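Step one of this worksheet: look at the structure below.
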Amino acid sequence: MSELNILCYITNITILLLIGVLFAIIPLITRKNFLFGVRVPIEQQSHPTALVLKKRYLRGIVIATFISLVLATAQFLLYERWCIIAVMYLPFVMVIAQFAVYIPCWRKAKSLKKSEGWNVPQIAAADTRSAYANEKMKSIPWGYYIISLIAVFACIIAGFAVYPELPDMIPTHYDINMEPDAWSEKSIWVILLIPLFMLLMLATMVVTAMVFARTKLQINPQNPVLSFAQNKAYRRGMQHCLGILTLCITAMFILLFIPVVMPGTTTPSAPFWILVIGMCVPLIVFQVRAGQGGCKLNPKIDEEEPDISGNAVPVVKGRNDDEHWFLGMFYYNKNDPAIMVEDRFGANIGFNYARLPAQITTGILAIGTIVLYVWITVIFI
């Protein structure tokens, strides 16, 4: 068996397990005023039907994960050379399976709310002047990104410094043991390829941090002081998780760059797996501990925070209405100026698909993904 295919199989199994775990814990970290994308009274989370729906969802995700793992293993044993394609497409099987499990639960939650006549108080968005103070760019821990940028420039300088002494053929691909198995003719672009990827990655992570800093999080008007404190703690924790993720990816690129500028040097594979664990574990642990938007946190409230209780916390028209949330997951509201909002199912952020910037971004991502997948698939076949 090819070492590359074995690596792809291990990667595939790891990705499928990670996706399965993340899908399974979503109901545990979603805000308690949502039941599968439907706004319900917090105390009704323990309703017998709600508990049945959660168990049904968990059981469905476990079964879907098991089937995906069986498919990945069968593909590896029967069609080993298709491992790269499996890594690309099997995660979509998990996504489709999640929708198949989630949608019936969402429909049942809607009918349950209607039959029980649950009246839910409004939950506001963080749109006050005090909330915007929490969204300033200075709240981003820029140290992570500055260190990564310094690493990028260090790689570029190192590449130019050793370029005259480098051999005519430069390693550009590695096997499972990080031994080079493909080379390209020496050129300045080959040398700068990895630093340029590092720079692109860094720019993407910085934009992600900035978008997260300005995403509207929910505020409970019944206790706005605690809500604002939770939001601040959640933003701070997530920003550090994104920073750690950026540093780990930067370090992985550096490990790949070392054999390029130091021919004959072999980078062990163990550090890569350590870095993968290092960038995933903090994010998952914090998300489970904090809950959606920090709703599970119990932060210390600043002395200045009580001033917020005297502010009016405006409710954006329609943001809290179920009819503006298709399948309880996709938000579309022309009356809401926000582009990024907090999701109803999960612990991440999503688009207001009624806004043009969100539509353009979604279109670009969709087209880019399709083109990339078609290109790689055609090349492989």
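The values are calculated or read from the model by the stated rules, or taken from the named source; none is laboratory data. All values reported here derive from a predicted model rather than from experimental measurement. Backbone-built Cβ (ideal geometry, glycine too); neighbour counts: all protein chains shown. These accessible areas exclude ligands, DNA and RNA; they are computed on the full protein's heavy atoms, side chains included. Shrake-Rupley method; radii C 1.70, N 1.55, O 1.52, S 1.80 Å.
The table below gives the values:
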read-out	value
Residue list for the range 345-381, filter: of a type in the set (Phe, Trp, Tyr) and not in a helix (DSSP H, G or I)	PHE345, PHE351, TYR353
Matching residues in the range 351-370 - criterion: being surrounded by fewer than 15 Cβ atoms within 10 Å (Cβ to Cβ) and of a type in the set (A, V, I, L, M, F, W, C)	LEU356, ILE360, ILE364, LEU365, ALA366, ILE367, ILE370
Residue selected from the range 34-50 under the condition without any contact (Cβ under 8 Å) to a residue 40 or more places away in the chain and farther than 23 Å from GLU342 by Cα, by the criterion surrounded by the most Cβ atoms within 10 Å (Cβ to Cβ)	SER46
Per-region count, the range 1-57, residues outside any helix (DSSP H, G or I) and basic (Lys, Arg)	3
Residue in the range 121-156 that is modelled with the highest pLDDT, counting only those that are over 25 Å from THR204 (Cα atoms) and open to solvent by 30 Å² or more (accessible area, probe 1.4 Å)	PRO121
Residue count, the range 310-325 (criterion: at pLDDT 65 or above and open to solvent by 70 Å² or more (accessible area, probe 1.4 Å))	1
The range 51-100 - residue that is of a type in the set (Ser, Thr, Tyr) and open to solvent by less than 60 Å² (accessible area, probe 1.4 Å) and, of those, nearest to ILE25 (Cα to Cα)	TYR57
Out of TRP375, TRP325, sole residue that is under 21 Å from PHE92 (Cβ atoms) and over 18 Å from the mean Cα position of the chain (by Cα)	TRP375
VAL40 being touching a helix residue (DSSP H, G or I) at 6+ places or on another chain (Cβ under 9 Å) and at pLDDT 90 or above	no
Residue match in the range 247-265 (condition: open to solvent by 10 Å² or more (accessible area, probe 1.4 Å), under 23 Å from the mean Cα position of the chain (by Cα) and farther than 30 Å from ILE170 by Cβ)	no
Residue within the range 73-89 that is closer than 30 Å to GLN218 by Cβ and assigned to a helix (DSSP H, G or I) present	no
Looking only at the range 185-241, and only at residues there that are open to solvent by 20 Å² or more (accessible area, probe 1.4 Å) and assigned to a loop (DSSP other than H, G, I, E, B), the one that is modelled with the lowest pLDDT	PRO221
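Residue-by-condition table, conditions (1) open to solvent by 40 Å² or more (accessible area, probe 1.4 Å); (2) among the hydroxyl-bearing types (Ser, Thr, Tyr); (3) modelled with pLDDT of 70 or more:
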residue: LEU275; (1), (2), (3): no, no, yes
residue: GLN287; (1), (2), (3): no, no, yes
residue: ALA290; (1), (2), (3): no, no, yes
residue: LYS296; (1), (2), (3): yes, no, yes
residue: ILE308; (1), (2), (3): no, no, no
residue: LEU327; (1), (2), (3): no, no, yes
